[in-house]
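What follows is calculated from the coordinates using simple rules that are stated; it is not laboratory data. Predicted model, so just to flag it, every value in this text is computed and none were measured. Glycine gets a Cβ as well: all are built from the backbone with ideal geometry, and neighbour counts include every protein chain shown.
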Amino acid sequence: MLNELASPYGDCEQRLAYAFLQALFCRATASGDHCYSTSLAVAEHTVSFASTRRLALKFQEAAPWSTFGHVATNDALLQTLDGEPALHIVDVSNTFCTQWPTLLEALASRADADAPRARLTVVSSTAAGVVAEIGALIEKFARLMGVPLEFRAIAAPALSRLADALCPEKLELREGEAVAVNCVGALQRAGCGDSRDSFLRAAAACSGEGVLLEPRRTAGVRGRRRRSGGR
């Protein structure tokens, strides 16, 4: 029945059925990593910044709750990291950096202190050219807001490599900076079982002296701590 309804070129329901069948097949045959890598290779040649922007806007239109999630997450960040002179946000989410302009604007509008130095490290499987354009726009917006921002991208081409990308050496963690790991939507990409556990351990280790923003909620935000050179 589903095979008759599924089509990658049909209406919304047909495309949804097609995606579900693909996911079910990958799950049953344990071929998820291979299919994911193949999809990324195809996307490198077909995905552009314009198409990614349209995708993000359509998703926000269809699911406006995501915007509320951005606001709640940013508010938790501001409260937890209040007073820190240097922030390092490690973004492992699937939001294409759409939540960070609001945070940068909030940092710039704080009347009681100068805007802190900020670093944004994006761990992404999106095409490198698209991420570069997103980074250029984020840096331009930060300059307009008067917030010193350093943008950097780390490629995570395979689901099984997501945890590897979170090692302190690759993230270039620095002494004296407060670290936050934004994991919204990341667990869905981290797989299940050992892969997911490895990812969670790596994320917790990165933010061991910062904060960890857990998917679907901000109740897991930890108290403010600062990264030291001893770890």
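How would H34, H88 line up from fewest to most surrounding beta-carbon atoms within 10 angstrom? Show your work: numbers first, answer last.
Working: H34 12, H88 26.
The order, fewest Cβ neighbours first, is H34, H88.
Would you please give the FRET efficiency between A72 and A136, computed as 1/(1 + (r/R0)^6) with r the Cβ-Cβ distance and R0 = 22 Å, to the nearest 0.05? Could you put the intermediate results ahead of the total?
Numbers: r = 27 Å, r/R0 = 1.25.
After rounding, the FRET efficiency stands at 0.20.
Just rank W65, W100, fewest to most, by other beta-carbon atoms within 10 angstrom. Present the calculation step by step, with values, prior to reporting the outcome.
Working: W65 8, W100 24.
Going from sparsest to densest Cβ surroundings: W65, W100.
In whole angstrom, and with the biggest value first, how far do the Cα coordinates of region 12-158 range along each principal axis?
55, 28, 27
If you take the beta carbon distance between H34 and Q60 as r and set R0 to 35 Å, what does 1/(1 + (r/R0)^6) give as a FRET efficiency, to the nearest 0.05? Could the numbers behind the result be given before it?
On the way: r = 31 Å, r/R0 = 0.88.
For H34 and Q60, the calculated efficiency is 0.70.
Ranking Y9, Y18 by Cβ neighbours within 10 Å, fewest first, what do you get?
Numbers: Y9 7, Y18 18.
Listing Y9, Y18 from fewest to most nearby Cβ atoms yields Y9, Y18.
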